[in-house]
Amino acid sequence: MGTWQGEIHGTWQGDRGHGTWQGDRGHGTWQGDRIAFGADYNPEQWPEQTWATDVELMRRAGVNLVSVGIFSWALLEPTPGRYEFGWLDRVLALLHDGGIDVDLATATASPPPWLAHRHPGTLPRRADQTVLWPGARQAYCPSSPVFRQHSLALVEAVATRYTDHPAVVMWHVGNELGCHNAHCYCDVSAEAFRGWLLARYGDLDSLNDAWGTAFWSQRYHDWAEINPPRTAPTFVNPTQQLDFARFSSDEHRAQLRAERSVLDRLVRQPVTTNFMIGTGSKYLDYHSWADDVDLVANDHYLTAADPESHVGLALAADQTRGVARGAPWLLMEHSTSAVNWQPRNLAKAPGQLRRNSLAHLARGADGILFFQWRASLAGAEKFHSAMLPHAGPETKVFREVCRLGADLRALAEVRGSRVDAEVAILFDWEAWWGAELDAHPSVDVDYGDRLRACYDALWRAGVTADVVHPSTDLAGYRLVLVPTLYLVRDADAEALHRYVERGGTTLVTYFSGIVDEHDHVRPGGYPGAFRDLLGVRTEEFFPLAVGERVNLDDGGTADVWTELLHPLGAEVLAGYADGPLPGVPAITRHQLGDGAAWYVGTRLDRAATTRLLTRLLTDAGVRPAADAPPGVEVVRRRRDEQSWLFVVNHTDEAATLAGTGTELLTGHPCTGELTVAPGEVAVLREHP
Ligand code: GAL
């Protein structure tokens, strides 16, 4: 290339910018000497005079990384094959001169209007064949070869032009792939689905067996007869639905891989894309995507309807670290205050922006970015908060942004360290898809419900968990929680069995181990795959009516679910006092080899869940990161002998904990006792 030399005021001499975010490909090898801090920056929404002010204010706030060009396709390629990079050249030069690094988008997130106008077949269709038209964003079918061809041409053009640009330290593929177009049911997708099925099953007999097509006269004799699970008179074949979910995740992943293979030819900076990991994001199996990015990046937004949204945040962060297999990750987007897409968009209280950001950092993030830098004046997101609000820099939000920038500078040394966790929670998108298929015993079984209930109890106990795929090596954990793992593969169930035999402790919750990877029931009694592990056998489910509650003989209550369970070697810890199954066991413990496997066959209330988890933590010898008052979040990051204790005080009262070292946000030494003011955060570099 070399076209950049001299164009950027002679500042570029072929070095790699600030030397940050460079390095080997592969998880956790993202290099940088600072904690990343910044936002999506959409300068094309503003007159050029504003850009210099932006850079000046970014510098004031301590911003060091911005994602540029995410929704710029229609400007960069106004007509097919004609590229206009002038404005982007000027923005990147300004940012570079201001010392701000760029995570440059491949700009493929949303196709320009001309694509659908010329190629209407690129538009996605719902299950009932409704077309999703352009006018919003992401209106493309992920299997469309036409979309693929045009998007890759754009990636090629952008990467060729900016490969050696000194501002560019990272590449950002698309944006939240599959956010609005996760599933497409059009004819192009149908053809691609058939190809995917052929690769998976090889022949029609295998597919017919896997899909159980002997049922309801569904046997296929020709591949051409197979379609996506389109709107049908009644329940569509569940394995067809499950395979379509797998296929759809793979199609979006294929777009990521295709873009990355263009980048791999042309650029040397690390490549990522922003995932949407959290209990609200069901459709993409990010465990299978993790190897396609050089560092895992995630977007997270608080759920206003969640009264403990800071606990939901912690769970999403721990899930993200699980996808990153423990390596540091990047928070690519969150909000400084309200979003605009929930029914009621709650603004953040003073201090909440900081607590949220530092809680992500505590749980393994090495960078904190927001959507977006400057609040839009037009378009569907004009009421979404930003680092720089409509009201300008003299605002609560901008002051808090500047404070956070200073905090992150003070915390630079934690970069690259890892989070301590002695507990694992098994989490799997396939199990989620399976558990929530239709025609099940009760619509009240929600995959994320027990996950969150167990997680809440751990959070309240100050215990950090890695939320990991069921195939993860469990040997290093003292306790493994298995919430609603409806679908489980033989090998993963066997690995859990071995883990317990060798001294591990596990807790399995109801509606787990029920089916194999084809969604076929495991016969002989529930919970099929875990029957021997748990030493129990359930002969029939007894789901409860709406609002119905049952009492347990240990004082707890439960709802949603009961089951006719027989102990087969397990000790009974509690049974039903009433309801449809009085006297039947509800909570059991099975001594197996050197370990123990606990089972809960119902949906315990919060107090009973807490009691159970407290017993389990004691049984397994798990300790909190620190002894802290209720409502105070404690997490430890560690590198070799050095550790940092993060303390996030979510309460209205000062919190005092034991601690010795240096508190990094104030620089104060701490000799024995650490006090954290209401709503504040402390990060203690602990003396080894
Ligand atoms: C994300 C998206 C951003 C912006 C943001 C608003 O899903 O990646 O572009 O729309 O939500 O919260």
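Figure legend. Inter-residue proximity from region 283-305: first residues farther than 26 Å from Gly38 by Cα, second residues among the charged types (D, E, K, R) and away from the ligand (no atom under 16 Å from the Cβ), beta-carbon distance below 7 Å, spacing 6+ or different chains. Indicated pairs: Asp285/Glu430; Ser288/Arg253.
Among the numbered conditions (1) hydrophobic (A, V, I, L, M, F, W, C); (2) within 16 Å of the ligand (Cβ to nearest atom); (3) under 26 Å from Ala424 (Cβ atoms); (4) touching a residue at least 40 places away in the same chain (Cβ under 8 Å), the only one that Val311 does not meet is (2). Of all positions in region 257-272, at least one carries a residue that is β-branched (Val, Ile, Thr), within 16 Å of the ligand (Cβ to nearest atom) and touching a residue at least 60 places away in the same chain (Cβ under 8 Å).
Yes/no matrix, rows are residues, columns are (1) in a strand (DSSP E or B); (2) touching a Ser or Thr at 6+ places or on another chain (Cβ under 6 Å):
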position: Pro543; (1), (2): no, yes
position: Asn551; (1), (2): yes, yes
position: Val572; (1), (2): yes, yes
position: Ile587; (1), (2): yes, no
position: Ala597; (1), (2): yes, yes
position: Ala607; (1), (2): no, no
position: Glu633; (1), (2): yes, no
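Pairs are defined by a Cβ separation below 6 Å, a sequence spacing of at least 6 or placement on different chains, a first member in region 233-248 that is without any contact (Cβ under 8 Å) to a residue 40 or more places away in the chain, and a second member that is in a helix (DSSP H, G or I) and not acidic (Asp, Glu); the pairs so defined are Asn237/Trp211; Gln240/Trp211. Set side by side, the residues Ala199, Ala290 differ, and just one is more than 16 Å from the ligand (Cβ to nearest atom), among the hydrophobic types (A, V, I, L, M, F, W, C) and more than 25 Å from Ile368 (Cβ to Cβ), which is Ala199.
Scanning region 33-68 for residues that are among the acidic types (Asp, Glu) and assigned to a strand (DSSP E or B) gives a single hit, Asp40.
Restricting the first member to region 60-84 and to residues that are farther than 23 Å from Ala386 by Cα and modelled with pLDDT of 95 or more, and the second to residues that are small (Gly, Ala, Ser) and more than 16 Å from the ligand (Cβ to nearest atom), the beta-carbon pairs closer than 6 Å and six or more apart or on different chains are Tyr83/Ala157. Within region 289-322, if we keep just the residues that are of a type in the set (D, E, K, R) and part of a helix (DSSP H, G or I), the residue that is surrounded by the fewest Cβ atoms within 10 Å (Cβ to Cβ) turns out to be Asp291. When Tyr455 is tested against (1) buried (at least 22 other Cβ atoms within 10 Å of the Cβ); (2) in a helix (DSSP H, G or I); (3) free of Cβ contacts under 8 Å to residues at least 60 places away in the same chain, only condition (3) is not met.
The condition (being without any contact (Cβ under 8 Å) to a residue 12 or more places away in the chain, over 27 Å from the mean Cα position of the chain (by Cα) and closer than 30 Å to Gly392 by Cβ) is satisfied by just one residue among Gln49, Gln45, Gln149: Gln49. Considering only region 479-496, I want to know if a residue exists there that is under 21 Å from Ser288 (Cα atoms), of a type in the set (Val, Ile, Thr) and assigned to a loop (DSSP other than H, G, I, E, B). Yes - at least one qualifying residue is present in region 479-496.
Within region 339-346, at least one residue is assigned to a loop (DSSP other than H, G, I, E, B), within 16 Å of the ligand (Cβ to nearest atom), among the charged types (D, E, K, R) and over 14 Å from Asn649 (Cα atoms).
Candidates Ser376, Ser357, Ser385: the one that is within 16 Å of the ligand (Cβ to nearest atom), part of a helix (DSSP H, G or I) and under 22 Å from Leu57 (Cα atoms) is Ser357. Can you confirm whether region 216-227 contains a residue that is surrounded by 21 or more Cβ atoms within 10 Å (Cβ to Cβ) and farther than 30 Å from Cys454 by Cα? Checking region 216-227: not a single residue is surrounded by 21 or more Cβ atoms within 10 Å (Cβ to Cβ) and farther than 30 Å from Cys454 by Cα.
The values are calculated or read from the model by the stated rules, or taken from the named source; none is laboratory data. Only a predicted model underlies this, so the values are computations on that prediction, with no experimental measurement involved. FYI the Cβ positions are ideal-geometry reconstructions off the backbone, even for glycines, and counts take in every protein chain you see.
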